[in-house]
Amino acid sequence: MSDKLKQVISRQNKQQQNESIDQSDDIVQLVGFIIGEEEYAVPILSIQEIIKPFTWTRVPQVPKYVMGVFNLRGAVIPLIDLRLKFGLSEKKHSDETRFIVMKDRDDVAGFVIDRLTMAIRIKKENIGPAPDTINGDNTTIDGVGKQEDRIITILKVNKLLERDF
Amino acid sequence: MDEFQEILQDFLVEAFELVEKLDEDLVELEATPEDLELLNGIFRVAHTIKGASSFLNFDVLTHLTHHMEDVLNKARHGELIITPDVMDVVLESIDLMKTLLNIIRDTSSDAGVDVSECVARLDRISGGDGDVPAPVVAAPAVEVVVDEPVAEEAEPDYDNMSDDDVEAEIQRLLEQRQTEDKAKRAAKVAAGEEVLAPPPEPDEETSAQNAKESEPEKKPEPKAAPIKAPVPRASTNARSISDDEDLSSDAKAAAPAKRSNASVDQTIRVDVKRLDHLMNLIGELVLAKNRLIKINDDVEERYEGEEFLEELNQVVSIVSLVTTDLQIAVMKTRMLPIGKVFNKFPRMIRDLSRELNKKIELIIKGEETELDKSIVEEIGDPLVHIIRNSCDHGIETPEVRLANGKTETGTISLTAYNEGNQIVIQIDDDGKGLDADILKNKALEKGIISEKEADNMGEKEAFLLIMKPGFSTAASVTNVSGRGVGMDVVKTNIEKVNGIIDIDSETGVGSSVKLKIPLTLAIIQALLVGVQEEAYAIPLSSVLETVRISKDEIYTVESRSVMRLRDDVLSLVHIGDIFEVERILDSSEHAYVVVLGLGAQKLGLIVDSLVGQEEIVIKSLGEYLKGIKGIAGATIRGDGGVTLIVDVVALMEIAKNVKATSMISDQKSESAQSREKTKASDYTIMIVDDSKTDRMIMRKSLEATGMSLVEASDGLEALNILKQGDHHFDAMLIDIEMPRMDGYTLATEIKKYNRYKQMPLIAVTSRTGKSDRMRGVESGMVEYITKPYSADYLSSVVQRNVNFKSEFLS
């Protein structure tokens with residue numbers, strides 16, 4: 001009898017879920033930014049906020065690209081320098097430097113980027129896969145977006161937020 | 001959440017609570033077998049669990065509890081005497097029941113445990129004394145499990161119903177149940193008075209019948225009862241036997257309303273997550289409070305004597321007072337009496353004493369002492385190990401005790417009490433005690449310590465050897481202990497909650513283990529220390545003292561730094577060596593040593609400065625940065641910055657492997673001057689003045705030389721430019737009167753940096769007083785130019801100070 005009960009209940013739950021129909025669009029919204037010479041982008045929904053540089057606290061025993069932690073309205077959040085992470089040289093923060101706070105489920109981290117470009121709307125069909133040479137499960141590249149005059153590397157936020165040391 | 005899961009959860013919560021109480025009662029029952037009150041209580045527990053589990057289709061559990069119920073029922077009616085042997089079987093069945101409940105919790109099913117043997121034994125006990133038992137109870141003993149699900153209320157075949165029908169059926173049953181409940185409650189009120197005179201005999205039959213009949217109706221109960229009303233167990237205990245067992249949960253729900261208003265605490269069950277969330281919010285508030293206090297201090301300094309200050313002061317102190325109270329209040333909601341942990345020990349001692357053939361009495365004191373829930377969960381295991389240890393190694397056998405002139409029965413006392421911000425749990429036994437020499441020899445034998453360490457070891461340190469993994473003095477491994485694992489668990493768990501272990505013992509008289517545990521984990525007192533430009537927080541509970549020392553008090557022994565602290569030698573480690581702090585600032589002649597204590601271990605941590613004591617809220621560094629050795633978390637300070645919290649346990653570990661870098665290292669001053677200058681613009685001068693005109697005048701005076709010039713409008717800006725290290729400055733021109741940071745302070749700050757030690761600082765000011773000049777010299781200025789000055793004079797002073805080569809002058 002309890003099995004029946006379970007069935008009934010789970011069926012009801014399903015009904016509720018179906019009511020909110022998923023309206024998927026074939027336009028992807030991204031936020032573009034520059035690191036070094038390249039333009040990169042991440043999905044706009046994975047960005048919690050973008051803030052101006054801020055003081056942070058160094059954390060010992062971590063790779064150099066983990067700059068430390070900072071206080072985002074009461075939460076202690078790691079700060080990662082994407083320049084260093086992508087193997088570029090260190091650069092002084094300028095007026096255009098921003099921290100992009102990205103989240104993936106419960107994981108949150110701030111990323112230092114050289115400057116923002118713009119919010120980008122791009123059709124799904126204009127996004128190609130990452131070049132074969134860097135394919136594999138380990139890449140942080142999700143795909144390559146093509147626009148009239150430029151190419152944008154789209155990053156995997158969950159990979160960026162993954163601890164790799 | 002799935003509703004079935006919800007029902008199951010409620011069932012489990014209730015069942016675990018009941019079972020916990022059961023253990024205690026059963027042990028007591030053995031001592032007073034004729035206590036009907038107790039028996040009834042126990043019987044009801046078995047019955048409740050049986051009822052609920054049959055509703056939830058846990059056949060194995062139902063099967064088991066049913067047989068337990070039989071035995072207990074017999075005992076209840078005086079048909080069975082509870083002997084220790086009977087008790088062993090009953091206790092075993094309860095253990096099985098716990099195992100089953102655990103399995104249910106983990107897998108939502110009760111498969112995989114074989115209860116048949118235990119059931120058979122239970123059956124033998126209840127069946128053993130003939131056919132006296134009422135047939136109603138005994139007969140369905142075996143079939144019940146198989147029969148009931150089918151037989152209940154002769155319901156229509158659910159499997160063939162459509163889903164809608166099933167729902168309608170559920171609705172119908174619920175309604176039926178509700179009306180029944182109402183009727184019962186009404187009856188209860190009427191029956192209330194009669195209940196006081198218990199007629200156990202006539203009750204039996206109806207109860208058995210009711211029990212059978214009402215089985216299917218049980219369904220809404222496990223769900224409804226715990227939610228609607230907290231279970232006021234006291235009241236059910238106080239009630240008499242005559243209650244039909246199937247009504248008991250009913251009675252629980254109804255009781256507070258009509259009977260024991262006064263004696264029962266009003267409680268509500270709250271999800272721990274909500275409390276955690278509340279605690280987090282309080283944490284935020286404490287941080288905001290700290291910040292407010294800091295701002296208040298700043299404002300006070302700035303507007304000294306202003307009237308509004310007093311009002312501000314008042315508000316700040318009220319806010320901080322209320323915040324503290326609020327924090328305590330919320331902390332209290334998370335507190336559980338330690339009795340929750342202590343409860344299981346009477347049973348354990350009983351089992352152990354039977355197993356070991358010793359006579360042991362357990363005395364529990366202070367079980368009402370309260371501790372944070374998360375800590376209560378952590379200390380259960382350590383206590384088990386300590387008590388097992390006391391029973392096995394501490395307490396002697398009765399013969400030995402008598403021979404030594406002690407009483408036959410050994411005593412173990414378990415005491416909990418508050419001491420300041422800590423809870424102390426003390427476990428004393430009057431056994432043979434620890435012998436420091438034996439411990440040392442054993443440790444030597446096992447290679448845990450070296451000969452030298454053994455010689456230097458004090459008594460207390462020797463006692464702590466029993467906490468080492470792999471250490472055991474037991475001649476042979478018994479069921480109870482001797483594997484050398486248990487006490488290591490104690491150490492790990494206690495250290496996990498920032499606790500301290502203290503062991504005291506006297507050979508032949510007994511030993512005493514004290515666990516000192518902080519009240520809560522979320523908000524702690526911390527000592528903030530500074531090293532270079534960084535700050536770290538050290539939990540105050542691990543800080544024994546702080547000492548100010550001068551550099552020559554530090555000695556090096558076998559490439560490790562040590563110092564003499566009164567009569568002891570304290571090994572030292574620099575916090576900068578542990579946390580890879582870059583040494584930018586020159587360390588002063590004096591340093592502070594924070595003496596950390598953990599158990600009997602001590603370590604001196606050298607820091608540059610002591611910032612002060614502060615209440616901090618522990619925040620996790622999150623998934624990305626977790627597991628950094630030596631860091632326990634982070635906290636947010638009054639100024640909004642993040643400060644890392646030192647993990648003292650890990651730090652002690654790290655310290656063992658850190659090579660001391662010499663404190664008095666004369667840094668190779670890679671001085672700016674030594675750089676080859678090939679053209680005039682290789683010389684860089686910083687001009688610090690808040691007036692734009694003045695900066696302009698200086699710039700004009702120096703431009704002719706071709707030197708590179710950098711401007712800053714006040715001390716702070718200048719300092720920041722220096723810190724960034726973009727330029728290599730050969731000299732600085734500094735105005736004295738500036739907002740934010742004046743010239744004297746700037747000069748003092750600059751001189752703290754090794755790399756700028758040699759840089760000439762030139763004061764350019766309209767202050768001409770002698771005392772001004774004196775201050776200038778004190779703060780490290782080499783020249784003092786008074787405004788107004790001629791351009792040539794300024795230029796020549798600068799050129800002289802940077803050794804400007806004249807050939808660059810065009």
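The values are calculated or read from the model by the stated rules, or taken from the named source; none is laboratory data. It should be emphasised that the depicted structure is a prediction, and the values quoted were computed from it without experimental measurement. Because the Cβ atoms are built from the backbone with ideal geometry, glycine has one as well, and the counts that use them run over all protein chains shown.
Hand me the list of helices (runs of 4 or more DSSP H) wholly inside the stretch B:320-403 holding 3 or more residues that are closer than 27 Å to B:Lys432 by Cα.
Ranges flagged: B:345-356, B:373-389, B:398-403.
For the stretch B:102-121, give me each residue that is polar (S, T, N, Q) and in contact (Cβ under 8 Å) with a residue 40 or more places away in the chain.
Taking the stretch B:102-121 and keeping what is polar (S, T, N, Q), we get B:102, B:107-109, B:116.
Across the stretch B:102-121, the qualifying residues are B:Ser108, B:Ser109.
How many residues, within the stretch A:62-76, are at pLDDT 85 or above, at the interface with another protein chain (Cβ under 9 Å from one of its Cβ atoms) and not in a strand (DSSP E or B)? Write out each step before concluding.
The first filter runs over the stretch A:62-76 and keeps only residues at pLDDT 85 or above, leaving A:62-71, A:76.
Next cut, at the interface with another protein chain (Cβ under 9 Å from one of its Cβ atoms) only: A:62, A:66, A:68-71, A:76.
Okay, now just the ones that are also not in a strand (DSSP E or B), so A:62.
So the count comes out to 1.
Please determine, by comparing only the residues of the stretch B:294-307 that are out of contact with any helix residue (DSSP H, G or I) (no Cβ under 9 Å at 6 or more places or on another chain) and in a helix (DSSP H, G or I), which one is surrounded by the most Cβ atoms within 10 Å (Cβ to Cβ).
In this case the residue turns out to be B:Lys294.
Quick one: B:Tyr624 ticks every box in (1) closer than 28 Å to B:Arg548 by Cβ; (2) outside any loop (DSSP other than H, G, I, E, B); (3) of a type outside the set (A, V, I, L, M) except a single one, so which number is it?
(1)
For residues in the stretch A:36-55 being touching a residue at least 24 places away in the same chain (Cβ under 8 Å) and either charged (D, E, K, R) or within 14 Å of chain B (Cβ to nearest Cβ) (or both), which is surrounded by the fewest Cβ atoms within 10 Å (Cβ to Cβ)?
Of everything passing the filter in the stretch A:36-55, A:Lys52 is surrounded by the fewest Cβ atoms within 10 Å (Cβ to Cβ).
Modelled with pLDDT under 85 and farther than 21 Å from B:Glu17 by Cα: is that true of B:Ile363 in this structure?
Taking the combined requirement at face value, the residue does not satisfy it.
Look through B:Arg291, B:Arg239 and report the one residue that is at pLDDT below 85, within 14 Å of chain A (Cβ to nearest Cβ) and either surrounded by 15 or more Cβ atoms within 10 Å (Cβ to Cβ) or within 39 Å of the chain's Cα centre (by Cα) (or both).
B:Arg291
From (1) closer than 30 Å to B:Val581 by Cβ; (2) at pLDDT below 85; (3) surrounded by 15 or more Cβ atoms within 10 Å (Cβ to Cβ), pick out the condition that doesn't hold for B:Met686.
So the condition that B:Met686 fails would be (2).
Going by the structure shown, is B:Gly604 assigned to a loop (DSSP other than H, G, I, E, B) and either within 14 Å of another protein chain (Cβ to nearest Cβ) or touching a residue at least 40 places away in the same chain (Cβ under 8 Å) (or both)?
So B:Gly604 does not fit the description; no.
Taking the stretch B:627-652 only, how many residues are in contact with a strand residue (DSSP E or B) (Cβ under 7 Å, 6 or more places away or on another chain) and either of a type in the set (D, E, K, R) or not in a helix (DSSP H, G or I) (or both)?
Going through the stretch B:627-652 one residue at a time, the tally reaches 16.
In the stretch B:308-342, which residues are surrounded by 14 or more Cβ atoms within 10 Å (Cβ to Cβ) and among the aliphatic types (A, V, I, L, M)?
B:Leu309, B:Leu312, B:Val316, B:Val319, B:Leu326, B:Val330, B:Met331, B:Met335, B:Leu336, B:Ile338, B:Val341
Just the residues that are surrounded by fewer than 17 Cβ atoms within 10 Å (Cβ to Cβ) and either β-branched (Val, Ile, Thr) or closer than 24 Å to B:Ile438 by Cβ (or both), please, taken from the stretch B:365-397.
Answer for the stretch B:365-397, where residues must be surrounded by fewer than 17 Cβ atoms within 10 Å (Cβ to Cβ) and either β-branched (Val, Ile, Thr) or closer than 24 Å to B:Ile438 by Cβ (or both): just B:Thr397.
If the requirement is being surrounded by 20 or more Cβ atoms within 10 Å (Cβ to Cβ) and within 24 Å of B:Ser374 (Cβ to Cβ), which of these qualifies: B:Ile517, B:Ile503?
Sole residue among the options that is surrounded by 20 or more Cβ atoms within 10 Å (Cβ to Cβ) and within 24 Å of B:Ser374 (Cβ to Cβ): B:Ile517.
Is there any pair linking a residue in the stretch B:435-456 that is in the same structural domain as B:Leu570 (by TED's automatic domain parsing) to one that is among the small types (Gly, Ala, Ser) and outside any helix (DSSP H, G or I), with Cβ under 9 Å and at least six apart or on different chains, and which?
Sorted first by the residue in the stretch B:435-456, then by its partner, the list stays empty.
Looking only at the stretch B:724-742, decide whether some residue is buried (at least 21 other Cβ atoms within 10 Å of the Cβ), among the aliphatic types (A, V, I, L, M), out of contact with any strand residue (DSSP E or B) (no Cβ under 6 Å at 6 or more places or on another chain) and over 22 Å from B:Arg800 (Cβ atoms).
yes
Restricted to the stretch A:104-114, and to residues that are touching a Ser or Thr at 6+ places or on another chain (Cβ under 9 Å) and away from chain B (no Cβ under 11 Å), which residue is surrounded by the fewest Cβ atoms within 10 Å (Cβ to Cβ)?
A:Asp114
Please list, ordered by residue number, the helices (runs of 4 or more DSSP H) wholly in the stretch B:64-163 having 2 or more residues that are more than 28 Å from B:Asp35 (Cβ to Cβ) and either under 47 Å from the mean Cα position of the chain (by Cα) or at pLDDT 70 or above (or both).
B:84-107, B:116-128, B:140-151
Taking the stretch A:77-94 only, how many residues are more than 8 Å from chain B (Cβ to nearest Cβ), farther than 21 Å from A:Gln48 by Cα and among the charged types (D, E, K, R)?
Total satisfying the criteria: 2.
If B:Glu580 passes every condition in (1) charged (D, E, K, R); (2) in contact with a Ser or Thr (Cβ under 7 Å, 6 or more places away or on another chain); (3) within 30 Å of B:Lys751 (Cα to Cα) but one, which one does it miss?
It is condition (2) that B:Glu580 fails.
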